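What follows draws every value from the coordinates through simple rules; no lab data is involved. Predicted model, so just to flag it, every value in this text is computed and none were measured. Note that each Cβ is placed from the backbone with ideal geometry, even for glycine, and that neighbours are counted across all protein chains shown.
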Amino acid sequence: MRRLLTGNEAVARGAYEAGITYAAAYPGTPSTEILENIAPYRKEIIAEWAPNEKVALESAIGASIAGARALAAMKHVGVNVAADPLFTFGYTGVNGGIVLITADDPGMHSSQNEQDNRYYAKFAKVAMLEPSNSQESKDMIKAAIEISEKYDTLVLFRMTTRICHSKTLVELGEREEIDKKSYVKNLQKYDAVPSVSRKLHVQLEKKLEKLEEFSNETEINYFEWNDKKIGIIASGIAYQYAKEVFGDKASYLKLGFTYPLPMKKIKEFADEVETLYVIEELEPFIEEQIKAAGIDCIGKEKVPRTGELNPDIIAKALLNEERPIIEYDKSIVADRPPTLCAGCPHRGFFYELAKRKNVMITGDIGCYGLGGMDPLNAKDTCICMGASISMGHGAQKVFNKFNEDMRVIAVIGDSTFFHTGINSLLDVVYNRSNTITCILDNRITGMTGHQENPGTGFTLQGMPTKIVDIPALVKAIGVEHIKVVNPLNLSEMKEAFDWALSLDEPSVIITRWPCVLKKHSQLDREEFGDYMGLCEVDEEKCIGCRICIKTGCPALQFNKEIKKVKIYKTQCIGCEVCLQVCPVKAISKVGE
Amino acid sequence: MAEVKNILLVGVGGQGTILASKILSAGLVGAGYDVKMSEVHGMAQRGGSVTTQVRYGSEVFSPIIGKGQADILVCFEAMEGLRLLDHLKLNGKVVVNDYKIPSIPILTGKRDYPEDVIEKIKEKASTMTIDAAGIAEDLGDAKTMNVVLLGALVKAMGLDEIDWEDVIRKTVKEKFIDINIKAFNKGIKAIK
């Protein structure tokens, strides 16, 4: 049976068919749906959200050493977090087969950088596979598990946004039920102390030689012979783009196993074709190695190394061909940036925060990053998960040393705080800083589409579980000044900032209100209620001052003709932030 | 060899482009085509522009549609149609929903919603305008606007041979089947 699946759905199916029994991940676009689609295989696979990617990979490593087939999935920057176990596990090797999925984001659709994680395979000395569609995404998970067990290596499985989120046809197969391998204590393999690791490194280099032999033999790397004037080496989505542009007018060496590279096959291909192109998205990972082997090819001198690739870019770069397009004045089209939803609990928080002077607002990764956009404009920085608190700490120390009148306010979400914020807050307390940490607890992992986390009370597979008590956790770290507030109540919010700014010790403000898009649990309903009603504007009273517009709520529109504000009923959820900021009380609740 | 056709759906996060493209691609797969479909998730969903790209034929390689390549541009929101008009083939068709959603720069008064958007699209391409929101409201469920547009798309692309009622029965939740079939047929009739 053939089904149309995204690459992420296909990987999940591949995990099922490959006999994987343990899978862990931290959500991150474009990887999130992999674990969400593994979760329904409750009987066969233990699937878990980990608090961060390092924990996800380490728990998958534990599962492998215990003898099970295992998988960890994450977005490209998540592998940076998981790099520590990755490099040493490269030395030890595996027991049960193990796959680490890296979902890279060329073009940065939803990421802070576009790093090319293929380099991790070379750096950590592990095997790598790169699927180019959903069928391969499924089949290569099975291949990855076999390679992992045969060659005693973790397999890095490199996907990109277009592979993860494009749907293509997949032929489904059956699950291979295998017996769990037995766990055998083996200090010479799994106890990476210096005396052991020195030997492991020597063995690893030999392993890589064997893997290169495999790379030259496997049908995962194959020739497609057509006209030999042009030869193209490509992998992943770049292969599909190359086929789109050149069709059967060129020959191909299609690479699916891309570390170690099949240098013999590459030499053979290069000898047969007149002009050799290496078409890669982002970095010249393959090209550099081919050139280092003394083989001539054309790559990044023509194909851009920044941004997402597409067939048009390749056609222009290599054939100087461009399709005719409709010409028109595009300047009249207004931007449509993403924005905090109507009723978002972050809105009241940012509206009050934006009024503060002499503050540096260190932001983090999540929906609340949108608090930095116009018209709220309440953010100074964003680097990576957890950095709001620790960067803020460093900055505050410097401001204090040089007697600058600046206070740091760090803004971080609940899930991001659990991810890597806790360590950072330890730093603030331990090193006697006075930053203000704001944990925006919206009771869910928001931006990636509502995943459970240690604060929500449920696991990925729907089991009720313990709920982290954030105020108690923060107190245990050593923070003495803690306030929990309702961010939709602006006077409460304002008082909290006044209070925190008056202190010369670390403080934590926890805003507690669920994401407006969250499906409320029974506990949410008990604590927050369900329906809040609608707001409306009395046009007689509205003076057109536009203060409410400065909240950036997409339910409000300023009508330039009549100089009045209108509230869209289909958008408003009655959060009352606009009602509180109106200086002439022109906004009220419908029916009140 | 069936030539590859390119359908580009454009709109704003939350307008239901994903369900429309799900039904569309299920129908195309059932008809025996190779199909690839691409969407962007994540940050863009928070009130930003969304596009769904569907390509079908005997063999499809790239899942994405380039500039000047779409056979049809289906605009769930009018200004989004003008934004992506350069993706249409010179002789391509446009189905545009007579529906406007102002973006944040417009709501805050920094920009204006462009005047006569639909007229501007018409000047450049063969365009069919449809009041999908009005039709959906008359049916009693404003959310079926997406399936009204799907009906219009199917008619405009000459895909009405496929048994779409059957496809809808198999792809949407049971309680929404009847209303969606009605909405789909209204969309078909809206295109002359």
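Numbers for the structure displayed
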{"item": "For segment A:394-424 and segment A:448-493, distance of Cα centres in Å", "result": "19 Å"}
{"item": "For A:HIS165, A:HIS201, order by how many other beta-carbon atoms lie within 10 Å, fewest first", "result": "A:HIS201, A:HIS165"}
{"item": "Cα centroid separation - segment B:107-166 against segment A:284-355, whole Å", "result": "28 Å"}
{"item": "Principal axis dimensions, chain A - Cα atoms, whole angstrom, descending", "result": "79, 66, 56"}
{"item": "Segment A:535-589 shape via C-alpha gyration tensor axes, a/c threshold 1.5", "result": "rounded"}
{"item": "Average partner coverage of B:55-64, which counts Cβ from other chains inside 10 Å", "result": "6"}
{"item": "Residues whose placed amide H lies under 5 Å from that of B:ALA70, excluding near-sequence neighbours", "result": "B:LEU88, B:LYS89"}
{"item": "Peptide-level mean, for A:363-373, of C-beta atoms on other protein chains within 10 Å", "result": "1"}
{"item": "Footprinting exposure proxy for B:THR17, A:THR32 (fewest neighbouring C-beta atoms within 10 Å first)", "result": "B:THR17, A:THR32"}
{"item": "Volume of the Cα convex hull of segment A:346-528, divided per residue and given in Å³", "result": "109 Å³"}
{"item": "Pairwise centroid distance, computed over Cα atoms, of segment A:177-227 with segment B:13-69, Å", "result": "39 Å"}
{"item": "Table column - 3J(HN,Hα) (Hz), segment A:169-181, Karplus curve with 6.51, -1.76, 1.60, x for Gly and Pro", "result": "6, 9, 8, 7, x, 9, 6, 8, 7, 10, 6, 4, 5"}
{"item": "Cross-link pairs A:LYS357/A:LYS585; A:LYS180/A:LYS518; B:LYS110/B:LYS182; A:LYS125/A:LYS249 - those with Cα-Cα distance over 32 Å", "result": "A:LYS180/A:LYS518; B:LYS110/B:LYS182; A:LYS125/A:LYS249"}
{"item": "Under 5 Å, built H, 5+ apart or other chain: amide partners of A:MET360", "result": "A:ARG407, A:VAL408, A:ILE409"}
{"item": "Segment A:51-172 shape via C-alpha gyration tensor axes, a/c threshold 1.5", "result": "oblate"}
{"item": "Given charges at beta-carbon only (K, R positive; D, E negative), |dipole| of the protein assembly as shown in Debye", "result": "880 debye"}
{"item": "Inter-label distance, nm, simple model (7 Å from Cα along the C-beta direction), A:LEU426/A:MET263", "result": "4.3 nm"}
{"item": "Two-site FRET efficiency, A:SER491 against A:ASP84, from Cβ-Cβ distance with R₀ of 56 Å, rounded to 0.05", "result": "0.80"}
{"item": "Cut-off under 5 Å, modelled amide H: who pairs with B:VAL40 long-range", "result": "B:THR51"}
{"item": "Peptide-level mean, for A:307-313, of C-beta atoms on other protein chains within 10 Å", "result": "3"}
{"item": "Cα gyration tensor shape for segment A:481-592, rounded if a/c is under 1.5, else prolate or oblate", "result": "oblate"}
{"item": "Separation of the A:LYS302 and A:VAL590 label points, Cα + 7 Å toward Cβ, nm", "result": "6.0 nm"}
{"item": "Assigned charges on the beta-carbon of Lys, Arg, Asp, Glu; segment A:222-319 dipole about Cα centre (debye)", "result": "100 debye"}
{"item": "Average Cα contact separation per residue, segment B:5-190, under 8 Å, 6 or more apart, as relative contact order %", "result": "21 percent"}
{"item": "Modelled FRET efficiency - R0 60 Å, B:LYS189 with A:ASN226, Cβ distances, 0.05 increments", "result": "0.80"}
{"item": "Low-density loop positions, chymotrypsin sites (Phe, Trp or Tyr not before Pro), segment A:478-557 - DSSP coil, at most 10 other Cβ in 10 Å", "result": "A:TYR531"}
{"item": "Rough spin-label spacing in nm, given labels placed 7 Å along Cα→Cβ, for A:ALA292 and A:ASN559", "result": "6.7 nm"}
{"item": "Ascending count of other beta-carbon atoms within 10 Å, so fewest first, for A:TYR430, A:TYR368, A:TYR120", "result": "A:TYR430, A:TYR120, A:TYR368"}
{"item": "Residue pairs, from the table B:LYS122/B:LYS189; A:LYS401/A:LYS475; A:LYS566/B:LYS143; A:LYS75/A:LYS483; A:LYS199/A:LYS264; B:LYS100/B:LYS186, whose Cα atoms sit over 31 Å apart", "result": "A:LYS75/A:LYS483"}
{"item": "Rounded to whole Hz, the Karplus (6.51, -1.76, 1.60) HN-Hα couplings of segment A:458-471, x for glycine and proline", "result": "9, 8, 4, 8, x, 7, x, 8, 4, 10, 5, 8, 4, x"}
{"item": "Calculated from backbone phi, Karplus (6.51, -1.76, 1.60) coupling profile of segment A:369-380 in Hz, x at Gly/Pro", "result": "x, 6, x, x, 8, 4, x, 6, 6, 10, 6, 10"}
{"item": "At R0 = 30 Å, FRET efficiency that the Cβ-Cβ distance of A:ILE547 and A:GLU322 yields, to 0.05", "result": "0.05"}
{"item": "Calculated [θ] (222 nm, deg cm²/dmol) that DSSP helices of n ≥ 4 give over the protein assembly as shown, each run adding -39,500 (n - 2.57)", "result": "-10000 deg cm²/dmol"}
{"item": "DSSP-defined beta bridges in chain A - what % are antiparallel, rounded to 5", "result": "25 percent"}
{"item": "Counting DSSP beta bridges with both ends in segment A:346-528, the antiparallel % (nearest 5)", "result": "10 percent"}
{"item": "Sequence-distant aspartates and glutamates (8 or more away, or on other chains) whose Cα lies within less than 12 Å of B:LYS22", "result": "B:GLU39"}
{"item": "Diffusion coefficient, µm² s⁻¹, Stokes-Einstein with Kirkwood Rh over alpha-carbon pairs of chain B at 4 °C and 1.567 mPa s", "result": "78 µm²/s"}
